[in-house]
1. Of 220, 13, 74, which is the most mobile in a GNM of the chain whose springs link Cα atoms less than 10 angstrom apart?
2. Using Cα pairs closer than 8 Å and at least 6 residues apart in sequence, work out the relative contact order for the chain, in percent.
3. Which listed residue (296, 76, 37) has the Cα farthest towards the positive end of the charge dipole for the chain, taking +1 on Lys and Arg C-beta and -1 on Asp and Glu C-beta about the Cα centre?
4. Modelling each spin label as a point 7 Å along the Cα-to-Cβ direction, I'd like the residue 362/residue 284 distance in nm, to one decimal.
5. Summing +1 for each Lys or Arg and -1 for each Asp or Glu, what net charge is found among the other residues whose Cβ lies under 11 Å from the Cβ of residue 104?
6. Once phi is turned into ³J(HN,Hα) by the Karplus curve 6.51 cos²θ - 1.76 cosθ + 1.60 with θ = phi - 60°, what whole-Hz value does each residue of region 51-59 show in order, with x for glycine and proline?
7. Considering the zone a paramagnetic label at residue 164 would reach in this model (a point 7 Å from Cα along the Cα-to-Cβ line), which residues of region 320-338 have amide N under 19 Å from it?
8. Can you flag which of 178/207; 169/304; 131/340 are past 19 Å Cα-Cα?
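The values are calculated or read from the model by the stated rules, or taken from the named source; none is laboratory data. All of these numbers come straight from a predicted model, not from anything done at the bench. A quick note on method: Cβ atoms are made from the backbone with ideal geometry, for glycine too, and the neighbour counts reach across all protein chains shown. Ligands, DNA and RNA are excluded from the accessible area calculation, which covers all protein heavy atoms including side chains. Shrake-Rupley method; radii C 1.70, N 1.55, O 1.52, S 1.80 Å.
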Amino acid sequence: MTINYQGVDRIILTISDIRVKPSEWENGGMKTGRGKQDNYQIQQELNRIQLEIDNFYHEYMRFHGEYPKRQDFLDFIKGGMKKDRLFKPKSVVTLIPLIEDLVKRRAEGKDLNKGKRFREGTIDNYNSMIKALKGYELSRKSKLTTLNIIRKETLSDIQNYLTIDLEMKQNTVGDRLKNFKTFLEVLFQNEVITCNPFKKYSITIPKERASTIALNEVELQGLIDLDLSANPTYELVRDKFYLLCQIGVRISDFKTFMEHAKNNEIVRIYNQKTGSEIQIPISKKARMILEKYDYNLPDISEQKFNSYIKIIGSMVPALQSLVQIRYTKGGRDIVENVTKFSQISIHTSRRTLITTLRNGGLDSGGVTLMSGHATEEMVSTYYKNDGTRNLQQILEILDK
């Protein structure tokens, strides 16, 4: 008897109590017909064995969420083809408490990321993922477990819930699934689950290029001209944003920059994300902000920063203009006109610097020295040419 399923090396076994004359065998089965009653009975037994093994194969897949391995076939056959012991329920553990514990460890600094603590913004994203997963369980009236999570259908249903039920933007869905994939990989490495289903089924995490903005000289000057002395928190957020527009570092590198800023005209640090060296010349405008706070800007969470900078931006008349954004939400394409200030975030500062440098004549290769991007092509995604100068040139030509 040979067993040959895809992904399993061929198994060859002997059925000891059935003997067949070679002359009675043809085309993969017994010769049957008049006077071949013995052959018919043997063929029936062979058909039964084949059906039992085939049923085992499909039932194993449905029960365990994965295909049987070579040893599973051998155990089934040598055990008299009795399925009871092979399909006893595995230890089932609910998933979310395990993930909550992992997030707690990261928040408390018990687990580190490349030797450093996880950022507060990252922990906030993890908690948003957990909230979404709890909503999924409530909606489906079913707990996520170490058994059902390894099925492709479960992940597809979670994505449908985030996209259709919650009507999340496509990139938000992608962020939730990306973080979920990270924790499933941890659970897989710790042998809590038998596989990471994202990898096993090659599930693509949705992502689209988001509509982003950069501020021009007039808009930046409008921010600086605001008198925020009555609200020290707003003043700090505005000043830190303006400083970031001058130095262009990611927020993850800001603390390292501050450690070297006081005694250097050019700060050289290693980019935490890419590991490459970046060189940051400190402009007069940047130095002014640094000296204002004596090189010690108080910390503020990224979430609060993003909220406050939008409020501050709403006070600038130049930022009341409308910009068009495009995104996918609830599985539908959306085009929307929104105020420019509503789109400002901490990362806008980095795009603003790159756009300022490119508009000033610096090529992409020069920009990478300061931005730390691996390629000039990546720099181009940060460059937001609003066409203002080109439009002015067009008008000058037409008005002659």
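1. Highest fluctuation of the listed residues: 13.
2. Numbers: 415 pairs, mean separation 51.2, N = 400.
The value is 13 percent.
3. Going by the charge dipole, the pick is 37.
4. Reported label-point gap for residue 362 and residue 284 is 1.7 nm.
5. Details: positive: 105, 106, 110; negative: 100, 101, 108, 111.
Local net charge: -1.
6. Coupling constants for region 51-59: 5, 4, 5, 5, 4, 4, 4, 6, 5 Hz.
7. The answer is 328-334.
8. Cα-Cα > 19 Å for 169/304; 131/340; rest within.
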